[in-house]
Amino acid sequence: DAGITQSPRHKVTETGTPVTLRCHQTENHRYMYWYRQDPGHGLRLIHYSYGVKDTDKGEVSDGYSVSRSKTEDFLLTLESATSSQTSVYFCAIKDRATGELFFGEGSRLTVL
Amino acid sequence: KNQVEQSPQSLIILEGKNCTLQCNYTVSPFSNLRWYKQDTGRGPVSLTIMTFSENTKSNGRYTATLDADTKQSSLHITASQLSDSASYICVVSFNTGGFKTIFGAGTRLFVKA
């Protein structure tokens, strides 16, 4: 258990509404990541953070923004949700010693 | 193009039987390869990691192999159990001025009693 908590675990929303997903970690890891997982695709990187207020885009960042104001929290925001953003979102931290990624339990988002 | 492909997409086996899952990659320059297990409704959990110089790594009933020359890896599960029912994801990391990671789409394994 890498001490990662995602919230909410499930959310249903309507097209055009804003959505924020939260990732909270308790072990002071520097690197945090947001991925989305869709059927037939591998996990795809949305955004990542390498420190407080230090973030960068991944391969599928369009339509998403992130913020990291504290080491323990990494927020993923969909400013105006679309049906194509229906997915399962995973937060991960990286153990710098081993490079291993530890994942949260996922947040299932449905955009109607 | 850097890619990771896994086969088969899904597999059904009887409890107690062995199985082998395949991973082919076209990633360069290769850094390491991990296999993750993902139970339904949960996040992925690492099973094994192999670097360029390693060609086999075991974790209990799971044995991963790596052929860096042919860019192929396999995950062998021995004496399968019902709890092995999960998706198995091959993940390859490479270094192009910064470490990047590509995830395969996974193999969905069903173990039946």
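Quick note: the coordinates plus some simple rules give every number you see, no bench work behind them. Everything quoted here is computed from the prediction, not taken from an experiment. Methodologically, a virtual Cβ is constructed for each residue, glycine included, from the backbone with ideal geometry; neighbour enumeration extends over all protein chains shown.
Values computed for the structure shown
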quantity	calculated
Relative contact order, percent, chain B [alpha-carbon distance under 8 Å, six or more residues apart]	37 percent
Alpha-carbon radius of gyration plus Dmax, which is the widest Cα pair, for chain B in Å	13.7, 48
Centroid-to-centroid separation of region B:67-102 and region B:1-62 [C-alpha atoms, Å]	3 Å
Whole-Å semi-axes of the ellipsoid equivalent to region A:53-112 (Cα gyration tensor, √5λ, descending)	23, 14, 11
Per chain B, cysteines lacking a partner by the 4.7 Å Cβ criterion	B:Cys19
Estimated translational D of region A:1-82 in µm²/s (Stokes, Kirkwood radius over Cα pairs; 37 °C; 0.692 mPa s)	247 µm²/s
Contour minus Cα-Cα distance for B:Ile12 and B:Thr26 (0.36 nm per residue)	2.3 nm
Chain A: antiparallel DSSP beta bridges as a percent of all, rounded to 5	90 percent
Given A:Lys70/B:Lys71; A:Lys70/B:Lys57; A:Lys94/B:Lys112; B:Lys37/B:Lys71, the pairs whose alpha carbons are separated by over 29 Å	A:Lys70/B:Lys71; A:Lys70/B:Lys57; A:Lys94/B:Lys112
Residue of B:Gly41, B:Gly98, B:Gly16 that the Gaussian network model of chain B assigns the largest fluctuation, springs spanning Cα pairs under 10 Å	B:Gly98
Whole-number D in µm² s⁻¹ for the protein assembly as shown, Kirkwood Cα-pair radius fed into Stokes-Einstein, 37 °C, 0.692 mPa s	181 µm²/s
